[in-house]
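For reference, the structure is listed below as structure tokens.
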Amino acid sequence: MIPIVTVVMLLAFLGTGRCDENNCNDCALSEGVYACLDEFTYGVCYNTGSVDPGSVQTCPNSYYCNTDGGVFCSPVDSTSPSCVPVTTTTKAPETNPDKYCADLNKTGYFRVESDPTCKE
């Protein structure tokens with residue numbers, strides 16, 4: 001038989017927006033007490049609307065940051081993180097050796113694909 005507390009916690013968990021990147025750094029989710037900054041990190045808000053940088057802490061190993069019921073960190077096997085930040089990668093711009101050398105007012109370049117160095 002499942003204890004009532006577990007059922008209530010499970011229902012509360014199912015009713016919240018989990019893994020929504022908009023939940024990161026949102027003090028309102030804990031009524032101004034704290035916010036999850038990523039899956040494993042949280043900070044105290046002190047009811048100011050933003051995390052105090054000096055209060056940032058990391059959850060123990062195998063624990064996610066969680067904004068449910070005032071519990072800062074919950075075991076990964078029984079919950080999901082309250083926020084998952086969006087990660088982006090930026091591709092380095094491609095270098096056109098001819099343009100590069102022209103910009104330096106030099107002609108030609110060494111014909112090694114990975115070396116856009118201009119000739120003297």
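The values are calculated or read from the model by the stated rules, or taken from the named source; none is laboratory data. Given the structure is predicted, the values throughout are model-derived calculations rather than measurements. Here the Cβ positions follow ideal geometry from the backbone for every residue, glycine too, while neighbour counts run over all protein chains shown.
Go through region 58-74 and give me each residue that's surrounded by 15 or more Cβ atoms within 10 Å (Cβ to Cβ) and within 17 Å of the chain's Cα centre (by Cα). Result: Cys59, Tyr63, Tyr64, Cys65, Asn66, Thr67, Phe72, Cys73.
Is it fair to say Gly32 is at pLDDT 90 or above and surrounded by fewer than 20 Cβ atoms within 10 Å (Cβ to Cβ)? Can you show your working first?
Values: at pLDDT 90 or above: yes; surrounded by fewer than 20 Cβ atoms within 10 Å (Cβ to Cβ): yes.
Against the criterion (at pLDDT 90 or above and surrounded by fewer than 20 Cβ atoms within 10 Å (Cβ to Cβ)), Gly32 qualifies.
Would it be correct to say that Ala102 is over 17 Å from Val33 (Cα atoms), among the small types (Gly, Ala, Ser), at pLDDT below 90 and outside any loop (DSSP other than H, G, I, E, B)? Walk me through it before giving the result.
Values: over 17 Å from Val33 (Cα atoms): yes; among the small types (Gly, Ala, Ser): yes; at pLDDT below 90: yes; outside any loop (DSSP other than H, G, I, E, B): yes.
So Ala102 fits the description; yes.
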